[in-house]
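Asks: I'd like to ask some things about the structure below.
The values are calculated or read from the model by the stated rules, or taken from the named source; none is laboratory data. Since this is a predicted model, take the numbers as computed values, not measurements. As a convention, Cβ positions derive from the backbone with ideal geometry for all residues, glycine included, and neighbour counts pool all protein chains shown.
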Amino acid sequence: MEKGAITGEQKSQTVARLKPTLRLEDLAACDLVIEAITENLALKRELFAELDRRVQPAAVFASNTSSLSITEMMTATRRGPRFLGLHFFNPVPLMKLVEVVKTVVTDPATVDLILAFARKLGKTSILTSDRAGFIVNRLLVPYLLDAVRALEEGFGTIEDIDLGMKLGCNHPMGPLTLLDFVGIDTTYYIAEILFNEYREKRFAPPPLMKRMVLAGLYGRKSGKGFYDHSDPKNPKANKQLER
């Protein structure tokens with residue numbers, strides 16, 4: 001509303017539809033529950049097991065995970081046919097895409113229901129099966145890791161690698177800038193999941209990325225990654241990372 005994108009009335013209508021709660025019992029009558037907690041499989045399984053006991057049996061469960069196994073989460077419940085992945089892309093108000101992820105036991109009627117739900121939200125859906133990284137991260141993460149390897153091996157500076165992909169491939173931002181935006185620790189964690197699933201070198205996080213995570217260089221959220229974000233409007237390349 002402050003940016004003029006919606007009216008005050010639209011804001012009031014939106015807020016009126018939100019019903020915050022700290023009690024899982026309040027979700028009992030829901031038709032659809034979408035989980036979006038931290039990317040930790042054990043915590044997600046624990047939550048879904050608890051939800052399964054409290055939410056009506058006909059409800060559909062979905063996870064917003066970007067990389068974890070939907071099947072492993074599903075097995076914590078007794079509603080396999082009504083369980084799938086629903087991966088929204090950030091920032092959700094701006095990004096049109098949602099990945100719908102079916103398991104080997106997801107009911108086709110459940111898939112159709114969720115595809116219709118996504119359309120109702122104004123999203124564009126792509127349908128995929130339950131394999132680590134789904135479609136987008138399976139393609140995106142190796143590209144990001146290769147950018148780190150290119151820096152690590154001295155192919156170019158941080159700025160030149162980013163500029164090359166921006167102007168050479170017409171990307172809105174370079175891969176190292178994108179890593180800072182997503183979170184270097186988050187991407188490292190996703191890469192580990194992908195490597196454990198596929199056992200292919202292209203999914204293995206490079207040593208430089210591991211050292212950065214250990215040193216707390218996570219990107220924008222920590223103030224420094226491939227760029228120094230102490231001045232958010234004018235980030236400077238972190239020259240200590242260059243050969």
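Asks: When D52 is evaluated against the numbered criteria (1) closer than 30 Å to T187 by Cβ; (2) at pLDDT 95 or above, which criterion, by number, is the only one it fails?
Replies: Only one criterion in (1) closer than 30 Å to T187 by Cβ; (2) at pLDDT 95 or above is unmet by D52, namely (1).
Asks: Next up: Output yes when any residue across the range 182-199 is more than 21 Å from F134 (Cα to Cα) and in contact (Cβ under 8 Å) with a residue 40 or more places away in the chain, and no when none is.
Replies: Within the range 182-199, none of the residues are more than 21 Å from F134 (Cα to Cα) and in contact (Cβ under 8 Å) with a residue 40 or more places away in the chain.
Asks: Every residue in the range 93-143 that is under 13 Å from the mean Cα position of the chain (by Cα), within 23 Å of T14 (Cα to Cα) and modelled with pLDDT of 95 or more, please.
Replies: Answer for the range 93-143, where residues must be under 13 Å from the mean Cα position of the chain (by Cα), within 23 Å of T14 (Cα to Cα) and modelled with pLDDT of 95 or more: L97, V98.
Conditions tested, residue by residue: (1) under 23 Å from the mean Cα position of the chain (by Cα); (2) at pLDDT below 95.
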position	(1), (2)
G4	no, yes
A28	no, no
V33	yes, no
L68	yes, yes
E72	yes, no
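Asks: Do we find that S125 is assigned to a strand (DSSP E or B) and hydroxyl-bearing (S, T, Y) in this structure?
Replies: yes
Asks: Just to be sure before I move on: is I114 surrounded by 17 or more Cβ atoms within 10 Å (Cβ to Cβ) and among the β-branched types (V, I, T) in the structure I sent?
Replies: Judged against the criteria, I114 is a match.
Asks: Considering every residue within the range 88-95, establish whether at least one is assigned to a loop (DSSP other than H, G, I, E, B) and in contact with a Lys or Arg (Cβ under 6 Å, 6 or more places away or on another chain).
Replies: Scanning the range 88-95 turns up no residue that is assigned to a loop (DSSP other than H, G, I, E, B) and in contact with a Lys or Arg (Cβ under 6 Å, 6 or more places away or on another chain).
Asks: Listed residues N170, N137; which is surrounded by 15 or more Cβ atoms within 10 Å (Cβ to Cβ) and either over 23 Å from L208 (Cβ atoms) or touching a helix residue (DSSP H, G or I) at 6+ places or on another chain (Cβ under 7 Å) (or both)?
Replies: When all the criteria are applied, what remains is N137.
Asks: Sticking with this one: Does L47 satisfy being in contact with a Leu (Cβ under 6 Å, 6 or more places away or on another chain), surrounded by 14 or more Cβ atoms within 10 Å (Cβ to Cβ) and either of a type outside the set (V, I, T) or outside the structural domain of L113 (by TED's automatic domain parsing) (or both)?
Replies: no
Asks: Given the structure, is V60 in contact (Cβ under 8 Å) with a residue 40 or more places away in the chain, among the β-branched types (V, I, T) and surrounded by 13 or more Cβ atoms within 10 Å (Cβ to Cβ)?
Replies: So V60 passes the test.
Asks: Output the helices (runs of 4 or more DSSP H) that fall wholly within the range 1-83 and possess 3 or more residues being closer than 15 Å to T103 by Cβ, or say none.
Replies: Answer list for the range 1-83: 41-54, 70-74.
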